[in-house]
1. Could you tell me which label, among (i) 0.99; (ii) 1.01; (iii) 1.06, carries the value of Rg/Rh (Cα atoms, Kirkwood Rh) calculated for this structure?
2. Restricting to Cα pairs below 8 Å that are 6+ residues apart, what does the relative contact order work out to for the chain? Please round to a whole percent.
3. Accessible area per residue, 1.4 Å probe, Å², for the chain: what's the number?
4. Calculated from DSSP H runs of 4 or more alone, at -39500 (n - 2.57) each and per residue, what is the 222 nm mean residue ellipticity of the chain, nearest 500?
5. Where the accessible area of the chain is counted over protein heavy atoms with a 1.4 Å probe, how much of it, in %, is carbon and sulfur?
6. Step through the table entries Lys58/Lys150; Lys113/Lys156; Lys57/Lys101, compare each Cα-Cα distance with 30 Å, and write down the pairs that go over it.
7. Pull up the DSSP beta bridges for the chain and report the antiparallel fraction as a percent, rounded to 5.
8. Name the aspartates and glutamates eligible as straight-distance cross-link partners of Lys39: C-alpha to C-alpha under 19 Å, and not fewer than 8 places from it in the same chain.
Amino acid sequence: MTKILVVEDEQSLREPLVYVLEKEGYEVVDAADGDQAIKVFNAEQPDLILLDLMLPKKSGNEVCQIIRQSSNVPIIMLTAKDSEIDKVVGLEIGADDYVTKPYSTRELLARMKAILRRQTEPAVVAGSIIEAGPVSMDIDRHQVFVNGTKIAMPLKEFELLELLLERGT
């Protein structure tokens, strides 16, 4: 089951969103401030994060930057900040999408599904790089990364993983 982390400090917005996501079949964990968001992210390893920008303790931008140091998990910013500069900053620090409040629940769900679909599509081969979900392989450099973390791998295992990723297995 796909796990979503909802980070929203306003309970009146967080609870209905959690309810809708659970009704859509997602497993949902939530956080009400930036510090709690980091703790829940590390403990739960969600598949996607819905992140408010204006949070107590740590801003959504800070949370995004911290998560990007160790993970490529998809992040959708959900915020009332709708200026062009806010959107550009959010996307430049690592958000995958930026949705302004008030938002359409149907549109948000469609954006989530599109991002999650790209995470689970078969391998994409670009030159010597193969990517599938959280796994990225650099064939020329003999390197494997999972969620952005380099993994040491013996040659035979590397070759087997390469074969499996190329076939989309």
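The values are calculated or read from the model by the stated rules, or taken from the named source; none is laboratory data. Just so we're clear, the structure is a prediction, and the values are computed from it rather than from any experiment. Ligands, DNA and RNA are excluded from the accessible area calculation, which covers all protein heavy atoms including side chains. Shrake-Rupley method; radii C 1.70, N 1.55, O 1.52, S 1.80 Å.
1. Given (i) 0.99; (ii) 1.01; (iii) 1.06, the structure-derived one carries the label (ii).
2. For the chain, the relative contact order is 15 percent.
3. 57
4. Dividing the helical sum by the residues of the chain leaves -13000 deg cm²/dmol.
5. Whole-percent figure for carbon plus sulfur exposure: 50.
6. The answer is Lys113/Lys156.
7. Antiparallel bridges: around 45 percent, rounded to the nearest 5.
8. Counting by Cα, and skipping residues close in sequence, Lys39 has these aspartates and glutamates nearby: Glu8, Asp9, Glu10, Glu27, Asp30, Asp47, Asp52, Glu62.
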